[in-house]
Amino acid sequence: MITSELIEGMKESTRTSTPSSGAKPKGDGEICLRPSSSVFLGDQQLYFTQEYLATNSLNMKYVVYFAACQFSGPIAVIYAAPKSWFIWIRTISGRILKRDLPCTDPVFIDWTRAHCLLVLSKNGRAQVLSSIGEKVSEVFFDNQVSDVHECRTFATSRGDSGIAVMDVDGQVAVVNSVSEPVIWSMRPPYSELPTAWTAFQPHSQLTHILLIFEAVFLMGCQGESLQVQNHASVWVDSSTKYVKCVVDDARSRIAMMTENGKIQVGREKVSLSLSLRETQTFFENSKSYETIQIVSIDLSTCFCTVEVTEHDIGKCINFGWVGNSVVFVQMSSSLTVFVNVSARRKPGDEVLVYEKMTANARISVEPDGIRLFESTRVEFVEAASREKIAVLNRSLNEDGAYLYKAAQEMEQGTGHNSFAASTVIQDMYKAIDDCISTACDTWQPEEQKLLLKAARFGMAYTNTTPDTTKLMRAIKEIRVLNELRMVRTGIPLTHRQYRIIGDTCIINRLIDMGSYSVAIKVAQWLGGENCESVDRVLLEWVRRSISKVSRSNMKMDQPALEALDEKISAKLLQFPHVSMADAARRAIEAKLPELARLFIRRETDDESHVAVLLQLNDVSAALTKAAASQRPQLIHQVVRHLMTSESRSSYELAISRIPLAQCLYQDLVRQEGETRGISSRQMLALLEQASDFERQTLFHFDVAEIERNPSERLNALRRAKDAAKSMGDKAIEEILNDVSAFAPLQIQRGQADMSVRDTIIEIADDTAKVAQLKQQARLNDKQVLLWTIEGLAKKGKMEQLFDLAQKRSPIGYAPFVKACVRYKRNEEVNKYFAKANGYSDLVAANLAKKNYVDAAKLAYDRRDREVLHAIHMKSHDDPVQCPRVKQLLNSMDQA
Amino acid sequence: MAANEDRDNDAAAILNWEGTNEIKSANEYSRGLLFSVLDALDGNKTIVWDRDRSVMHRVNLFAGASVLAAHGVVANHSIETKKSASTPHVVFFLAPTMVSLDLLCDYIDTVRNDPKVLYQVFFIPEAWYVVRESLKLRAEGKYWERLESVKEIPLCWLPRDGECLSLSSPQIASRLLINGDWTHLHKCAVALNQLVDMCRGHSPSTHQRPMAIYSKGKWATDVARMMQKVRNTTEADHFLKTTDPIEGLLKINRIVLIDRWLDPLTPMLSQLTFYGLLDEIYGIGTVNSVKVPETEFSNAKDGDPFAEKEIHLRDEVYHRLKHSHINAISNEASKVLAEIRDDEQFDRDKMSVAEYSVLVKKMPKIINRKKMIEQHMRLAEMIQGHVYCKLSDSIKLERELLDFSDSDKATPLIEDQIYDAAPLNTVLRLISVHSLTCGGLKASVLQHYRRIINQSYGSSALNKILKMQKMGLIREKGGAGKMQCEYAPMLYQQQKKAYDMLPENFSEARMSDIAYAYSGFAPLLCKILDEGDRVKWVGWPKTVLGDDGIDPISERDPRGTCIFVIGGLTRSEMALIRENMPNISLITTSALITGDKLLNNITNI
């Protein structure tokens, strides 16, 4: 009845050490890459792979509680000591992650999908520990439940795990997520405890609780009461007692087990009739059958029923799924039975069972198989994928198998066979894909290589340019898997498991376990040198190294801090894209500001540097750094930080020490002031603080320029004078002295907006006033004379002008002519023109009268080329005279 | 009238000269920035413009109303009119100032737009950190929440005359020297980095290609250092960005930074090229046009004295004339006229139909050219009149001072002009030339100038003269540290000989003569650049952006040099560089200036 067929793998590959390490790995848990043995169980094939040998340190013998983290994560065991309990956490290869962690009254341990260990005590307190035994959180069921009877964990759609706790009264308390524990509970209508129960969360539905009381099914989801599932009666064998129910990994089916059915259940179970009942009575006591039923998650359909007669499986100690179509029944620590429950089985088919002898085995369930932890070894039982069965067994009519064969023939030099094999292949793309996925599913590097080569070989036969992305990805992932399977890491992940949890999760798990170097390696392989994951790993490492220090309560002295800084920076500097500022932030979080300061010194990015310094509240350093970076935005950032966090005087003092920041702050004050109209005083205060007298002087001038009120303007100028005095510039002070002496009188006269020149012109006819002004404003004779002339001409005081001309004019008479021309006193012009004498005066007078030709003649006579040229230029004003002047110029040049 | 003008513009478009390839690429890049912003918003947009017209001018340099409309802009409002908008997006184009911020908040408060209308704020050309922060904080973030996004559009490089890119910040020298505000150098560094981006693109392969930066002068060195820092800090952002579709348009091999203040003298002198004089006399605006009095232009005796005629300076004829010395402009103009004559010479009787159709196509161009040459000849005439009649004395004096300058006594002509209250800037420029050429005025001379300036113009003029002292445009010989400029002085007397700034022979008509633009004076800045170009910038402080090690191909190629003048460049100097240094393919500066512009942009404390 048992169909077993052992297939011996390729005998030539019996290396036990990994190719990379060369020598045998030392210590516990030797990695074993002996070819897997396999057994067919109907259409299913089970592969047995011994992962680690000589795992003595797993120390299974005295284990009281055992739990292995799904996806080949670490295992936790609890030993009983005389008065207390101790938890040990190890990797599958036996590396110890945590030893001797005491706990009280544990009744249940399990791993959540989030890689946390859940330890439930008898009184209903659940501790959540990280994979290295650090306490993460706690869940208190003790208010809700009396003493714990049993407990189930279940996977949720969010990738976390929930817990359902049943107390001795049969009440069930549930949290949907360990990380956010909110307790709700459910109470069955019966006082006795159920014979079997489970909790699960079907896809995108609420958490369900299934309680089975012998053959009565009660199910309810969160927020609803428990309902008797009448529709299950089509398949329920009401005469027996259901003792186990296990939900599969896809959360779509439940495997049920009945105990010691007194009746042989008819295979024609579909029609449950009275007559059948009679036959059942007929068989009563004749033979006891136990059945395994596979039903849908809503209990509506039964996919498959298997009766097992050989074993008293109702008394089993463990029961669960192996992949999709096989279940295992652990009868004792030394015997485990595998049963094919494939939905393709037809009623009446032979029951396919395989028995496996073990030694002290503990079992952990993975999505694609189970792992047997025995006293001295760890073995993985895998329900092989379709591709793997097809390719490795050289099945007929399988393209992948042909391709593998062809590639191997090619390798061995038998090309004709190779060709023969390859011609049979119908769908080359499928064949390639099959080979790749089989390569992923195999354990020995040699075999992986052969299969990948076969895939590559197959690409040569395709018509289109081969798409190598799948192959590349497979190679990348196999590399990661092989690394993870090493003893030193101890995560014998299969490719299917890997695909389920993904890159990020793998890296997170490695971080959790403190395997940083592997994590970085894996992150780099998967994401390239600069990927985000590498940063994450490093920073997590930094965080943990720092928090280890900060938690130790040890007073860190400077050398110790420096040593730590040295250590961490040395590592981080190997990864130039990882910012030291992030490390510094971790240090701040760990309340180690000194360490943060040490880190930040190495930060090259100014922006993060400044940000961290601000976080440290080291404003002056931040300001200096920002100024050194010469980036306005950074300085503004610091200034703004200062302005919000400190008093005006203190931040202005801080800013004034840094000139670069000072000018920026001034600009800020100026800009903000322009719209609010309050800038001036602030600005001045800043300049005074800086003792910048030059700019103070200019500042007062600016105020005077804008100021409309004459007396205010005067005040501003007086202040400018004071500033000039402080500056020590006598000359400017002197001018300003004159101005401030002159201005009050101007204001009295209502001429505050006029310059000295304008004033003289205005009062030119009043000789006395002119003389007074001359003295006040310290004018020279020429100025006074010129402006008087202009003023008189402007006002039309022609007699007075003529009187003035009577005295010999020290500046000649050209200015008179000019003034008359300017103010269009044409009748007067000639009077003064006649008075002009001397060469330059005459030329100037002629020019003023626009007698260019006459002026030119004078210059020509004197052979004064320079003046003549200047006259020529000016003569362009008059198109008539210009050519004649030009003539004169030319003739002089020729002469 | 309007229709007539339209036709004029159409005709002008035929002859429009967009500029050198480098300028075109830079414009393309800026346009890309603008359109990517607009195209990122689905649906129609209303642009609300800042009160500050410069924002609109800036944007219009790259895209006129019709082009904006093609990118979904259906309405243009001014922020002050407070008209409500009916489009799903309201796009604010604002200057990064507190004033604009107040207007924005006011707009949000008063305009009753549908709350579903999304407000997108864009600061042009950059978002000042302080403005952004205070917007966040104002009224407990009430305004900030209403806004869908607050970003910047870095339209910093404005094309000037198709030959130069300008940051259009003429205040920079004053800000640096009077306010000590170094952030303007940082702005230059950021803008220059954009230039490097135009050249290198954002894709990782090209982005790290090295770019050599040579610098001369204190500011230039600072900017070069800042560029490196800016580059390093923005690198991370660049990798995140999707690659620019318009990358790598610009081809330059190196950037040369130089301080205006190595040669503060040249801007104080009168420019003598057509183009420089247009700027000096009428002032060329941001949209590359001059406004001249209508009456003067049409030579009419009567008419509205305040009417102004705006003349756009972007036609091809203008570009041929602009660099000519004002005395030699007729040479170039006669060439253009001869070409037009050639074009017009055709024998109607002997022409085939095909020839006719070619001619018909050419006709508008010919007509327009004629019109343009007419217009520019008239402008040149006006300028000549102005120069000969009004400026000749000053120009003569400048020349005398350049030849020989005495620090011990005041120049009588300057005194006379002050007594006569001639335009203040002219006088101040002459004093500055006096001071710079003699290496600082004697204390008594300076005091005399200051005193008479104060008497003729009042205390605001005195203020200006003190600020010029602070800026180093006027220096006191052996001054005791009062109102001293922090920038090292220009040593004219020594440099005059070392750089042969006053060559014996020169020709105003020959543009390849480095002394033509200032009639016998070769500007020091151009001389320094010329020398640098000749020695391939050996010995100049060098900074390398991006990967260490130098791209050998671009390093060896002497062409493709981009220069950036910090503190402003005159148009005459630009002409000299264009005409004399073919290796300099791109001229950029913080602003195109004249002496007057420099003085008018002296800032307050």
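Since every read-out is calculated from the coordinates, none of them should be taken as a lab result. Note that this is a predicted model, so its numbers are computed, not measured. Here the Cβ is made from the backbone with ideal geometry for all residues, glycine too, and neighbour counts use every protein chain on show.
Could you put A:634, A:403 in order, starting from the residue whose Cβ has the fewest other Cβ atoms within 10 Å? Show your work: numbers first, answer last.
On the way: A:634 24, A:403 27.
In order of increasing Cβ crowding within 10 Å: A:634, A:403.
How high is the relative contact order of region B:21-155, given as a whole-number percent (alpha carbon pairs under 8 Å, six or more residues apart)?
On the way: 202 pairs, mean separation 35.2, N = 135.
In percent, rounded to a whole number, it is 26.
Would you calculate a helix-derived [θ] at 222 nm for chain A, using -39,500 (n - 2.57) for each DSSP H run of n ≥ 4 and dividing by the full residue count, to the nearest 500? List each step's numbers first, then the result.
Numbers: 32 runs with 400 residues, N = 895.
Calculated mean residue ellipticity at 222 nm is -14000 deg cm²/dmol.
Label the protein assembly as shown by shape, choosing from rounded, prolate and oblate, from the square roots a ≥ b ≥ c of the eigenvalues of the Cα gyration tensor; if a/c is under 1.5 it is rounded, and otherwise prolate applies when a/b is larger than b/c, oblate when it is not.
Prolate is the answer for the protein assembly as shown, as a/c is 1.5 or above and a/b outweighs b/c.
Thinking of region A:385-467 as a set of Cα atoms, what percent of all their pairs are more than 19 Å apart?
Details: 874 of 3403 pairs.
So the pairs more than 19 Å apart make up 26 percent of the total in region A:385-467.
Please give the length that would be gained between residue B:404 and residue B:535 if that part of the chain were fully extended, namely 0.36 nm times their separation in residues minus their C-alpha to C-alpha distance (nm, one decimal). Walk me through the numbers before you get to the answer.
Details: separation 131, 0.36 × 131 = 47.16 nm, distance 3.09 nm.
Fully extending the segment from residue B:404 to residue B:535 adds 44.1 nm.
Given C-alpha coordinates of region A:112-232, what is the ratio Rg to Rh with the Kirkwood estimate of Rh? It would help to have the intermediate numbers written out before the result.
Values: Rg = 14.2 Å, Rh = 14.6 Å.
Radius of gyration over Kirkwood radius for region A:112-232 works out to 0.97.
Can you work out the FRET efficiency for the pair residue A:146 and residue A:227, with r the C-beta to C-beta distance and R0 = 30 Å, to the nearest 0.05?
According to the calculation, E is roughly 0.75.
Largest first and in whole Å, what are the equivalent-ellipsoid semi-axes of region B:404-471 based on the Cα gyration tensor, each being the root of 5 times an eigenvalue? Please list the in-between numbers first.
Values: eigenvalues 58, 35, 22 Å².
Calculated on Cα positions only, the semi-axes equal 17, 13, 11 Å.
Which lysines, if any, have their Cα less than 24 Å from the Cα of residue A:449, not counting same-chain residues under 8 positions apart?
A:11, A:24, A:388, A:405, A:430, A:470, A:476, A:521
Return the equivalent ellipsoid semi-axes of region B:298-414 as a descending list in whole Å, where each equals the square root of 5 times an eigenvalue of the C-alpha gyration tensor. Can you show the working numbers first?
Numbers: eigenvalues 375, 68, 22 Å².
Equivalent ellipsoid semi-axes, largest first: 43, 18, 11 Å.
Two decimals is fine: what's Rg over Rh for region B:21-155, C-alpha atoms, Kirkwood radius as Rh? Before the final figure, lay out each step's value.
Numbers: Rg = 14.3 Å, Rh = 15.0 Å.
With Rh from the inverse mean 1/r over Cα pairs, Rg/Rh is 0.95.
With the crude spin-label approximation of a point 7 Å out along Cα→Cβ, what separation in nm comes out for residue B:136 versus residue A:357?
7.4
Excluding residues on the same chain fewer than 8 positions from residue B:477, give the lysines whose Cα lies under 16 Å from its Cα.
A:730, B:409, B:442
Of the chymotrypsin sites (Phe, Trp or Tyr not before Pro) in region B:341-420, which ones lie in a loop per DSSP and count no more than 16 other C-beta atoms within 10 Å?
Values: sites: B:346, B:356, B:388, B:404, B:419; in loops: B:346, B:404.
Those that pass, being in a loop and sparsely packed, are B:346, B:404.
With a cap of 10 neighbouring Cβ atoms within 10 Å, and only residues DSSP puts in a loop, list the trypsin sites (Lys or Arg not before Pro) found in region A:783-832.
Working: sites: A:794, A:795, A:797, A:807, A:808, A:818, A:822, A:824, A:825, A:831; in loops: A:797, A:807, A:808, A:824, A:825.
Taking region A:783-832 and a limit of 10 other Cβ atoms within 10 Å, the loop trypsin sites (Lys or Arg not before Pro) found are A:807, A:808, A:824.
Apply 1/(1 + (r/R0)^6) to the Cβ-Cβ distance of residue A:104 and residue A:157, taking R0 = 35 Å, and write down the FRET efficiency to the nearest 0.05.
Details: r = 33 Å, r/R0 = 0.95.
Efficiency, rounded to the nearest 0.05: 0.60.
Quick one: P(r) of region A:558-646 from all Cα-Cα pairs, 5 Å bins, percents rounded to integers, in order of increasing distance.
All Cα pairs considered, the percentages come to 3, 16, 26, 21, 19, 10, 5, 1.
Roughly how many Å is it from the Cα centre of region A:332-376 to that of region B:434-490, as a whole number?
Their Cα centres are 102 Å away from one another.
What distance in nm separates the two pseudo spin-label positions at residue B:99 and residue B:82, each 7 Å out from Cα along the beta-carbon direction?
With each label placed 7 Å out from Cα toward Cβ, I get 1.9 nm.
Using only C-alpha atoms and all pairs of different ones, pull out the Kirkwood radius for region B:231-387 in Å with one decimal. Please report the intermediate quantities before stating the final value.
Numbers: mean 1/r = 0.0501 Å⁻¹.
Radius from the Kirkwood sum: 20.0 Å.
How far is it, in nm, from the label point at residue B:233 to the one at residue A:824 when both lie 7 Å from their Cα along the line to the Cβ?
For residue B:233 paired with residue A:824, the spin-label model returns 6.3 nm.
Which aspartates and glutamates does residue A:769 reach when only Cα atoms under 15 Å apart count, and residues fewer than 8 places away in its own chain are ignored?
In chain and number order, the partners are A:758, A:781.
Kindly provide log₁₀ I(q)/I(0) values, in the same order as q = 0.05, 0.06 Å⁻¹, from the Debye equation applied to equal alpha-carbon scatterers of chain A.
-0.55, -0.64
Could you work out the relative contact order of chain B, using alpha carbon pairs under 8 angstrom and six or more residues apart, expressed as a whole percent? Provide the component values of the computation, followed by the final result.
Values: 977 pairs, mean separation 113.7, N = 605.
That works out to 19 percent.
Take the Cβ-Cβ distance between residue A:771 and residue A:839 as r, set R0 to 30 Å, and report the resulting FRET efficiency rounded to the nearest 0.05.
Working: r = 32 Å, r/R0 = 1.08.
The computed FRET efficiency comes out at 0.40.
Please work out the Cα center distance from region B:297-350 to region A:603-630, rounded to the nearest Å.
If you average the Cα positions of each part, the centres end up 60 Å apart.
How big is the antiparallel share of DSSP beta bridges in the protein assembly as shown, given as a percent to the nearest 5?
On the way: 130 of 173 bridges.
Beta bridges within the protein assembly as shown, antiparallel portion: roughly 75 percent.
Cα-Cα over 25 Å: which of A:625/B:142; B:464/B:496; B:335/B:390; A:61/A:548; B:335/B:396; B:496/B:536? All intermediate terms of the calculation are to be shown ahead of the outcome.
On the way: A:625/B:142 33 Å; B:464/B:496 28 Å; B:335/B:390 29 Å; A:61/A:548 34 Å; B:335/B:396 30 Å; B:496/B:536 23 Å.
Beyond 25 Å between Cα atoms: A:625/B:142; B:464/B:496; B:335/B:390; A:61/A:548; B:335/B:396.
Just to be sure I understand: if I project the alpha-carbon convex hull of region A:431-510 onto a plane and average over all orientations, what area do I get in nm²?
On the way: hull surface 21.1 nm².
Averaging across all directions leaves 5.3 nm² for the Cα convex hull.
Using only the C-alpha atoms of chain B, find the volume of their convex hull and express it per residue in Å³. Let's see the in-between values first.
On the way: hull volume 121.5 nm³, N = 605.
Enclosed volume per residue, from the Cα hull, is 201 Å³.
How compact is region B:461-529 by the rule of thumb for globular proteins, expressed as Cα Rg over 2.2 N^0.38 Å? Numbers along the way, then the final one.
Working: Rg = 15.7 Å, N = 69, 2.2 N^0.38 = 11.0 Å.
Rounded to two decimals, the normalised Rg is 1.42.
Any idea how far the Cα center of region B:100-115 sits from the one of region A:782-813, in Å?
For region B:100-115 versus region A:782-813, the Cα centre distance is 62 Å.
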